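The values are calculated or read from the model by the stated rules, or taken from the named source; none is laboratory data. Please read these numbers as outputs of a predicted model, since none were measured by experiment. So basically every Cβ, Gly included, is an ideal-geometry build from the backbone, and we count neighbours across all protein chains shown. These area figures cover heavy atoms from the full protein model, side chains too; ligands, DNA and RNA do not enter into them. Shrake-Rupley method; radii C 1.70, N 1.55, O 1.52, S 1.80 Å.
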Amino acid sequence: MSVTVFDSAVQPQAAPKPATFPINQWYVAALSKELEGAPLARTLLGLPVVLFRCADGTVAALEDRCCHRALPLSNGTLEEAGIRCGYHGLLFDAQGKCIEVPGQDRIPAKAKVPAYVVREKDHIVWIWHGSEAHPQPLSEPPAYDVHSSGRYLYDGDVYHYDAPYQLIHDNLLDLSHLGYVHLRTIGGNASIHMNARMDVQSDDQTVRVVRHMLDSVPPPTYTAAYPFSGNVDRWQEIEFHVSHLRIWTGAVDAGSESIDDPHRGGFHMRGFHGVTPETETTSHYFWTMATNPLSDPEAVKAKVVEQTILTFDEDKVVIEAQYRNMCRFGKPATVDIHVDVGANRARRIIERLRQNHADNPTGERG
Amino acid sequence: MSVTVFDSAVQPQAAPKPATFPINQWYVAALSKELEGAPLARTLLGLPVVLFRCADGTVAALEDRCCHRALPLSNGTLEEAGIRCGYHGLLFDAQGKCIEVPGQDRIPAKAKVPAYVVREKDHIVWIWHGSEAHPQPLSEPPAYDVHSSGRYLYDGDVYHYDAPYQLIHDNLLDLSHLGYVHLRTIGGNASIHMNARMDVQSDDQTVRVVRHMLDSVPPPTYTAAYPFSGNVDRWQEIEFHVSHLRIWTGAVDAGSESIDDPHRGGFHMRGFHGVTPETETTSHYFWTMATNPLSDPEAVKAKVVEQTILTFDEDKVVIEAQYRNMCRFGKPATVDIHVDVGANRARRIIERLRQNHADNPTGERG
Amino acid sequence: MSVTVFDSAVQPQAAPKPATFPINQWYVAALSKELEGAPLARTLLGLPVVLFRCADGTVAALEDRCCHRALPLSNGTLEEAGIRCGYHGLLFDAQGKCIEVPGQDRIPAKAKVPAYVVREKDHIVWIWHGSEAHPQPLSEPPAYDVHSSGRYLYDGDVYHYDAPYQLIHDNLLDLSHLGYVHLRTIGGNASIHMNARMDVQSDDQTVRVVRHMLDSVPPPTYTAAYPFSGNVDRWQEIEFHVSHLRIWTGAVDAGSESIDDPHRGGFHMRGFHGVTPETETTSHYFWTMATNPLSDPEAVKAKVVEQTILTFDEDKVVIEAQYRNMCRFGKPATVDIHVDVGANRARRIIERLRQNHADNPTGERG
C-alpha cells in the first residue's frame, strides 16, 4: 500500500492560469548585491525560486522546494557543493541534482529539483522565462553599462508591489504625474510637466518617450545635487523594453547647451527599472539610480538615492491604491488623455506578445 | 487596435448582490465634524464614495474613482473649484464633471464621475439611497434638533463594525443587555433590567420600546454625572427608524416626579445612533451622546461621553464576536426570549422594505 | 410572520467536509492547568467548544454558542451552577441545559446547547470524538502515569499550528531531523543521527521506532542537565498512537549500562505529544516534557523545558513553512528516504481508520 504525504489537508492555492506574461524573455531576478549571504527566496513569474551564489561565484536558481518533504530550500544552508535542505539534510547542486542523502548510500534517481536559467551581467541577475520550445535562452541578457562604465555612482533596491506589473509600466512611461505625485522631490511645476513637448516613438519591442521642459524651475532634488545658476532646460528620455525601462533625466543651465546632444553636461540621473511579475497581481520592482556628481560624489549620490527613495515610495502608494480601487470597482476607468500615448503603446506590445504565445504556445519564432 | 488598462490582472472582488438594504431612504454618511479637512473616503451601502466640503460650505459626494486611471479621488486634494486627482491632476466639480485636464484643452465628454445626493442637517450628513425610479429624494432628511436646540451638550464618533447592521439594531433595541455587558458603566443591577416593565409599539416604519425601572440603584455613569439623593426612577425610551435610532435614557430621584412627563427634570442622556451598512457584512455606526449638565457642563459632558465610549466599545466586542460565531457555525441560533420583541419587530420592518423592493424594483410607491 | 436573525448577511464559512479524522478515538482537548480560570474557547476536530471546570471539579465541554443570539459562551462567566452568557445572561449547566433566562419564568424547551464527552486523567483533558453509533466512549482515555508517578518533574504548553496534524506526526516519528533543525539544543552530530541503527515495529493502531546512537557526543541540552563524563550511549524510543505520541529519549555514559534495560539510569526526557486537529489544515499540539534531575531538580527541570521550547519553536517554523510550500505548489513532493519508514506506517494507520469510517459511517466495530 502506498502512502501519500500530500493528502486532502493540502489545499492548493489557485493554480496559475496559462502564461499571461510575455515569454522567451529575460526578466530581472535580483540585484547582484542581494546574493551576498543566505539563499534568497523569490517568486518570479509565478514560480517559487531559491537563488544563491555558488562557490565558483556564479548564481544558481532552483525550484524552492525539496523533493523529499517539500520544505523550501531557501530555509536551508549554503555549502561548497550547493544548498542543503534544513529539514533532513538532502544536498542539491547548482543544477538541482541531489548529491547527498544523509545516512543513505543510494540516492534515488528521482531526487532532483528543477533548475532555472539565470545569468549575471552588469550587477543584475536575469532569469530566462522560456517557452517549451525554448527552455534555453535565444539571446544574451541585456547589457546595462551604466553600472560598470565608471562614469556614474549608483545604488538601488527592490520594492514589492501589491499591483500587477503593467501599472508600474504605465507609471514610468508617463512622467507627467511628477507634478502631482512628487511635488516634494523631482516634481516641480505641474503645468510645466503637463505642457511639455512630448515625442513618442515605438517599434514592436520598445517605446521611446522624450519630453523637454525648457527654461523651467529646477525641482528640489536637482538643486540639492547640482549648482544650477537659475532656470534649467530639462529632459526626460524613457525607453521601455518588455522586462525593464531605462529612464535618463537631467538638466543643464537654461540655454547653455543642446539637450539633444548625447554628450551633454549638466546634472544626470540614469534610472534602471526592472519590472518582473511575481504573480498576475503582484510585482517586483528592481531599481537603481545612477548620477554624476561634480564634487563630494558619495554625499551627492547618497542624496540623489535618498530623494529617489522618497519618490518611489510615493509611486508605490499611488499605484497600490489605484490597483485596490480597480479591484474594488471591478470595471475599467475608461477615459484616456494626451499623456497616455507612451503607456498605451507599451500595453499593445505586451498584448501582442501574449497573443503570439496563445496562438503559438510552443513559442517558435515564425 | 484599442488598449485596455483593465485586463486579466484586475481581479474584481465579489460583485454586490441585488440591493439588500432598504432603499428610498436617507442614511447617515458622516458627522459634520468629519468634513473639516481632507476628503473623506467611505463605502456606504456598497458604494465607495468620497465626501468633501465645497468652497460654498455644502457637502459633495462623488464615486471615489478617477475616470482616467481609477485612483481613488480621496487620494487627491481639495481646491476652490472641487477635487483634484492625486495622479495626473484631473479636476472635478461637486457634480462630478471634469473641469480641467492638465496640459490638454479639450475635456473628453466622458470625463465625469457619478455624484450622489447628500444633505447636511443638524450637524449630520445624510445620503439618499434611492431606487432607479427615485434617484432624487422623496423627502427631506430627518431633523435631529438635540444637536441644535441649545438644551444639550454633546459629542460623538464613528465606529466601524465587522458585523452586519441589523445586529447593531438588535443590540440597541434591547437594553436588557446592559446588566451583563455594561456592568462597569450604565449597567446597574441585571435583574432590574430583565424584570423592567417594557412597552413595545410599532408601525410600518418605526418601533418604540419604553422601559421603566422604578426605585432602582443608579448605575456608575449616572451617579458620576448627577447628584442623586438615593434610588432613582429610571427610563429608557428607544425609537427605531430604518436608518437610525434615538434613545432617550435618564433618571429622576425615586418618586420625585413622573417619568411619563415629557418635560421631566433629572439627568438625561440623548443618544443618536445612525447605523449605515458599509457592505452586507460590515457597518458604520455614527453616534452622538447629548446630556444636560446642572453644573460644570463641559466636564460633565466629557465624563458622560467618556463613559459612553467605554459602553460602546463593550458592545462592539460583543457584536463582532456574535457575528464571527454566526459565520463560524453557519446556521441560526433559534431560541427567542421576552426581550427580543422590539428587535424582532424592527427586523420585520426591514424585511418588508426589502421585499417591497424585490417585488417592485423601481421603487415606485404603490 | 416569523423573523430570522440569521439572514443573508451571515456568510457561513466553508462547511467542514465529512469527517477526515479517525473517529471513535480520544483526543487531547486541554492540559489540566489550562482550566484554572476563565472559560477556554477551543476548536477541536472542527467543532468550536467551550471548556470549563465546574464547581464539583469536573471539566465540562459545550458547543461554544449561546442558543439565543449566538454569542460564544466562552465570552461569558463561570458561576457555581454553570456558565452564563455574556450578552443577555442565559445560564447553562454542564450538560448544556439552560437553567435560567433572566427576567422570564418559563425556560423554552429548545433552550439548550450540545455537550461533549470529556474526561480528565493524569492532568490531561480528553475529548471523545465518536461516531453516530458511538457518541459515548468505547474505552477509557489513555493513562499517562509519567505525570503522576512522582518519578519525574515536568511542564508543558499548547502550540497552535498552521499545518495539518499529520505533518506533526511525521516530524515526531523521524528524529533524524534533529541533526539539521535542532543543532543548538538536542541535535548533536547530524551523521550520527542519520546513521543510527533504527528499528521500526507496528500494529494496526501503533508504531514504535527505536534508535540507538552509541558512543556519541552528548548534545547541548544533555550536558547542561546531567554530569556525563564523556561520550554517551543515547536512545530514542518513539511510540505513535492515533491521537498522541510518547517519546522517551536519554543517555547513559557510553558503555556504562545497557540501553535496552527498561530500568536504566542516566539522563531521561519523557515527552508527551498530543496532536489534535483543530481543522483540516490547522492543529493543536499539546506537549509536556518530564525529566529526572539528580540534583537541583526545579532548576534542571526548568532548563530542560526551556531547551524543549527552543526545540519545538524550531519545529513549528519548519513544519509551517513546509505546509505553506505544499499549498503553494499544490502537488506532492514524492521522493522517500530511509528515515520515512515510521512516519509512513503511521500514515497508513490513519488512512485505514479514515477508510473504515467511510465504508462504515456509523462506526460499528465489525
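When each full DSSP H helix of chain A is screened for a Cα extent of at least 24 Å along its own axis and an average Kyte-Doolittle hydropathy of at least 0.5, none passes.
Calculated from the alpha-carbon coordinates, the protein assembly as shown shows an Rg and a Dmax of 35.2, 98 Å respectively. Taking each residue as 0.36 nm, the span from C:A41 to C:R324 lengthens on full extension beyond its C-alpha to C-alpha distance by 99.3 nm. Distances from B:R119 to itself in the other copies, using label points 7 Å out along the Cα-Cβ axis, amount to 7.0, 7.0 nm in increasing order.
Basic side chains Lys and Arg get +1 at the Cβ, acidic Asp and Glu get -1 at the Cβ, and with that the dipole of the protein assembly as shown about its Cα centre reaches some 1560 debye. With the Kirkwood sum run over all distinct C-alpha pairs, segment A:269-329 has a hydrodynamic radius of 13.5 Å. The heavy atoms of A:M326 offer some 10 square angstrom of accessible surface to a 1.4 angstrom probe.
Enter the buried accessible area of the C/A pair, total of both sides, probe 1.4 Å, in Å² rounded to the nearest 100. Buried surface at the C/A interface: approximately 3600 Å².
Per residue, chain A reaches -6500 deg cm²/dmol at 222 nm when only DSSP H runs of four or more residues are counted, each adding -39500 (n - 2.57). Among the protein heavy atoms of segment C:243-286, carbon and sulfur supply 49% of the accessible surface, probe 1.4 Å, non-protein parts ignored.
Dipole of chain C computed with +1 at Lys/Arg Cβ and -1 at Asp/Glu Cβ about the Cα centre; of C:T221, C:V252, C:Q104, farthest Cα towards the positive end is C:Q104.
Could you look at segment C:25-129 and say what percent of its accessible area is carbon and sulfur, using a 1.4 Å probe and all protein chains? Reported share for carbon and sulfur atoms: 50 percent. Given +1 at the Cβ of Lys and Arg, -1 at the Cβ of Asp and Glu and no other charges, the dipole of chain A around its Cα centre is 760 debye to the nearest 20. When chain B is described by a simple charge dipole with +1 on each Lys and Arg Cβ and -1 on each Asp and Glu Cβ, the residue from B:S243, B:Y116, B:Q307 located farthest towards its positive end is B:Y116. Counting only lysines at least 8 places from C:K303 when in the same chain, those with an alpha carbon closer than 22 Å to its own are C:K33, C:K316. Using the 1.4 Å probe convention, the accessible area of the protein assembly as shown works out to 40 Å² per residue with neighbouring protein chains retained. Taking Rh as the Kirkwood radius computed over C-alpha pairs, what is the Stokes-Einstein D of segment A:51-144 at 10 °C in a medium of viscosity 1.306 mPa s, expressed in µm² per second? Answer, rounded: 112 µm²/s. Treating r as the C-beta distance of B:T58 and B:H160 and R0 as 25 Å, the FRET efficiency rounds to 0.45. Measuring against 30 Å, Cα to Cα, the residue pairs A:K331/B:K121; A:K97/A:K121; B:K97/B:K121 contain A:K331/B:K121 as the ones spanning a longer distance. Quick one: if you stick a label point 7 Å off each Cα along the C-beta vector at B:S258 and A:D105, how many nm between them? Going by the 7 Å Cα→Cβ label model, 10.6 nm. Placing pseudo-labels 7 Å out from each Cα toward the beta carbon at C:E132 and C:S191 gives an inter-label distance of 5.9 nm. Within the straight-line cut-off of under 13 Å between alpha carbons, the aspartates and glutamates reachable from A:K112 are A:E63, A:D64, A:D93, A:E100, C:D336, sequence neighbours fewer than 8 places apart in one chain being disregarded.
Projecting 7 Å from Cα along the Cα-to-Cβ direction, the label point of B:V200 sits 6.5, 6.5 nm from its equivalents in the other copies, listed shortest first. Placing +1 on the Cβ of every Lys and Arg and -1 on the Cβ of every Asp and Glu, with nothing else charged, gives segment B:25-129 a dipole about its Cα centre of roughly 340 debye. For the protein assembly as shown, A:C54, A:C67, A:C98, A:C327, B:C54, B:C67, B:C98, B:C327, C:C54, C:C67, C:C98, C:C327 have no disulfide-compatible partner, since no other Cys C-beta lies under 4.7 Å from theirs. Once the C-beta distance of B:A143 and B:Q205 is scaled by a Förster radius of 22 Å, the resulting FRET efficiency is 0.90 to the nearest 0.05. C:L214 label point (Cα plus 7 Å toward Cβ) to equivalent points in the other copies: 9.3, 9.3 nm, shortest first.
Remark: mean inter-chain Cβ contacts per residue of A:68-80 equal 5, using a 10 Å Cβ-Cβ cutoff to other protein chain atoms. Principal axis extents of the Cα atoms in segment C:153-358, from largest to smallest and rounded to whole angstrom, are 52, 30, 29. Given the Cα atoms of chain C, and with Rh set as the inverse mean 1/r over their pairs in the Kirkwood sense, what is Rg to Rh to two decimals? Result for chain C is an Rg/Rh of 1.02.
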